[in-house]
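S.K.: Mind having a look at this structure? Questions to follow.
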Amino acid sequence: MNVLLVEDDLDLAAGLVKALRREGFTVNHVPYGREAVLSVKTEAPDMVILDLGLPDIDGLQVLQGIRSSHRSLPVLILTARDGLDDKVMALDTGADDYLSKPFEMDELLARLRVVARRLGTSQNSKIELHGVSLDTRHHEVLVDNIPVKVSRREYMLLMALMENSGRVQTKEMLEQKLYGWGEEVVSNAIEVHVSNLRKKLPADFIKTVRGVGYSISKPTN
């Protein structure tokens, strides 16, 4: 899942980026509100974590800007403003959830999962296809109920494909989900991750659509 973090406290942002990436998120960070609005309009993430006290424009203006172009994009407010009026105003403006600083990382992760489920990004904590199970809460992959060890980016790639079963994911789409801005991406990185995953998963689980990308077929029931 690709997350845009809008936070002007650089130390806090660095910690959040590190923690979220460790949990399997692809995270891009901007410290300014106008930059966030432009970023969402140019290339919408899967979710936004938004501080309200930004140095250029208020976070609620950012939220309004996001909602003007993306009505259903999940936005979680993460701010030091903890008054009831602040929470009501943010939720009425279009936020999906509100978490006051200071906070516990486990609670933030839980709230991200709730927002994802509510808006359909992830229907539940487990995705099961053709004998492969991916547990998004515990970051586990099982094949026929046997745990399989995968790297962080292998897990992220597999989740992107399983969440979009029946739809082809291009190399560019997968790179956006696996790598943040400024991260170096070697030309054959996706091919290498797919090759490594295929050694751990059932034969033909990940299909190559020549000249386009990769896909996992939907169950036929």
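The values are calculated or read from the model by the stated rules, or taken from the named source; none is laboratory data. All figures in this text were calculated on a predicted structure; none of them were measured in a lab. Glycine also receives a Cβ, built like all others from the backbone with ideal geometry; neighbour counts cover every protein chain displayed.
S.K.: Being part of a loop (DSSP other than H, G, I, E, B) and either on the phi > 0 side of the Ramachandran plot or without any contact (Cβ under 8 Å) to a residue 24 or more places away in the chain (or both) is the filter here; which residues of the range 195-221 pass it?
M.R.: Lys199, Ala203, Asp204, Arg210, Gly211, Thr220, Asn221
S.K.: State yes or no: is Ser72 within 18 Å of the chain's Cα centre (by Cα), surrounded by 14 or more Cβ atoms within 10 Å (Cβ to Cβ), polar (S, T, N, Q) and part of a loop (DSSP other than H, G, I, E, B)? I'd like the intermediate steps shown before the answer.
M.R.: Details: within 18 Å of the chain's Cα centre (by Cα): yes; surrounded by 14 or more Cβ atoms within 10 Å (Cβ to Cβ): no; polar (S, T, N, Q): yes; part of a loop (DSSP other than H, G, I, E, B): yes.
For Ser72, the condition - within 18 Å of the chain's Cα centre (by Cα), surrounded by 14 or more Cβ atoms within 10 Å (Cβ to Cβ), polar (S, T, N, Q) and part of a loop (DSSP other than H, G, I, E, B) - is not met.
S.K.: Another question, then. Name the residues in the range 102-133 that are surrounded by 14 or more Cβ atoms within 10 Å (Cβ to Cβ) and modelled with pLDDT of 90 or more, would you?
M.R.: Leu108, Leu129, His130, Val132, Ser133
S.K.: Just need a number here: residues in the range 7-33 that are of a type in the set (D, E, K, R) and in contact with a helix residue (DSSP H, G or I) (Cβ under 8 Å, 6 or more places away or on another chain).
M.R.: Within the range 7-33, residues that are of a type in the set (D, E, K, R) and in contact with a helix residue (DSSP H, G or I) (Cβ under 8 Å, 6 or more places away or on another chain) number 4.
Conditions tested, residue by residue: (1) within 11 Å of Thr26 (Cα to Cα); (2) hydroxyl-bearing (Ser, Thr, Tyr); (3) modelled with pLDDT of 90 or more; (4) in a loop (DSSP other than H, G, I, E, B).
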residue: Arg153; (1), (2), (3), (4): yes, no, no, no
residue: Leu158; (1), (2), (3), (4): no, no, yes, no
residue: Leu161; (1), (2), (3), (4): no, no, yes, no
residue: Met173; (1), (2), (3), (4): no, no, no, no
residue: Gln176; (1), (2), (3), (4): yes, no, no, no
residue: Gly182; (1), (2), (3), (4): no, no, no, yes
residue: Val185; (1), (2), (3), (4): no, no, no, yes
residue: Ile190; (1), (2), (3), (4): no, no, yes, no
residue: His193; (1), (2), (3), (4): no, no, yes, no
